[in-house]
1. Give me the net charge for the shell around residue 3: Cβ to Cβ below 10 angstrom, other residues only, Lys and Arg +1, Asp and Glu -1.
2. Please work out, to two decimal places, the log10 of the ratio I(q)/I(0) at q = 0.07 Å⁻¹ from a Debye calculation in which every Cα of the chain carries one identical scatterer.
3. Using +1 on the beta carbon of Lys and Arg, -1 on that of Asp and Glu, and nothing else charged, what's the dipole of the chain about the Cα centre, debye to 20?
4. Could you tell me what percent of the DSSP beta bridges with both partners in region 186-291 are antiparallel, to the nearest 5?
5. Helix 186-201 sits at what angle to the longest principal axis of the chain, using alpha carbons and giving 0 to 90 degrees rounded to 10?
6. I need the peptides 163-173, 12-22 ranked by packing, meaning the mean over residues of other C-beta atoms within 10 angstrom, with the highest value on top.
7. Add +1 for every Lys or Arg and -1 for every Asp or Glu among the other residues with Cβ under 12 Å from the Cβ of residue 154, and state the total.
8. Can you give the alpha-carbon Rg of region 186-291 over 2.2 N^0.38 Å, where N counts its residues?
Amino acid sequence: MKYKSGFVTIIGRPNVGKSTLLNHIIGEKMAIVSDKPQTTRNRIQCIYTEDGFQIIFIDTPGIHKPKNKLGEYMVNVSRETLAEVDVILLLVDESLIMGPGDKFILEELKSIKTDKILVINKIDKLKLEEVDIIKNNYKELNIFKEIIPLSAIKGKGVDSLIKAILKLLPEGPQYFPADMITDQPERQIVSEIIREKALHYLDDEVPHGIAVGIDLMRKREDKDIIDVNATIYCERESHKGIIIGKNGRKLKGIGKSARQDIEALLGSQIYLELWVKVEKNWREKEKQIKYFGYK
């Protein structure tokens, strides 16, 4: 059997489980998982290699109506990716009715010739007849090669998805070494881990206005310890207090939780120091968007 390889993008409304699915397939935490929408901001490329094939998955920020310059950047990244890949995966969740967000994405897909697979995620929340209702709603559109129901959080149905992707992938080379699982620099992954933990700890009005900058990431010469100094940036003075929390408890919680994941990622003891700074309206500033790695 000849070697198969290709590029697959994962799109869908915010919060349908794109990052959860990607992390399950790769077997490592590569993308932020949060119950808050629009948590993925960049195009994250992950590599899944097995005997006979290599699939390069691209997790995009999702297609939605942007509210600021950062939002415009996120949507542009998602749209550009559609034209560059071999297969498009559209993820939808357990909703029985197509919402405005789903219809907005479907309109975008109609004019694109790339092969498409519909993935119905979160089927652990559905009855069999409800899965059939969703399947039939999308079948009528006649734009998907296959429809795969699965539960990303439980791993159910993921093998069927991989088989469906392989049917559509062309023969090709192994683009990346077999042991490589992402093209993201370690600093970028570390900053995203810290941002994920902040999302879990913070109130709803704060998360969209935060970014994380890595000021220092250096291994100590005499010990197996990596020093990581990072700054959490927020847009308002009032948010700074919320992030730090009473007696610094919230910031300590973010740091402790992030440190555990960073140690697992880097395979080394981590000494993590976090600061919080205000950068007003950074999501509207091209220079700041670039500084935080979103260009």
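Since every read-out is calculated from the coordinates, none of them should be taken as a lab result. Keep in mind it's a predicted model, so treat the numbers as computed, not measured. All Cβ positions, glycine included, derive from the backbone under ideal geometry; neighbour counts span all protein chains shown.
1. Net charge around residue 3: 0.
2. Results for the chain at q = 0.07 Å⁻¹ read -0.28.
3. Details: 48 positive and 44 negative charges, 153 e Å.
Around 740 debye, computed over the chain.
4. On the way: 8 of 18 bridges.
Expressed as a percentage, antiparallel bridges in region 186-291 total about 45.
5. The angle comes out at about 90 degrees.
6. On the way: 163-173: 14.5, 12-22: 22.5.
Highest to lowest by the protection proxy: 12-22, 163-173.
7. Details: positive: 122, 125, 156; negative: 124.
So the surrounding residues net to +2.
8. Working: Rg = 13.8 Å, N = 106, 2.2 N^0.38 = 12.9 Å.
So the Cα radius of gyration is 1.06 times the expected 2.2 N^0.38 Å.
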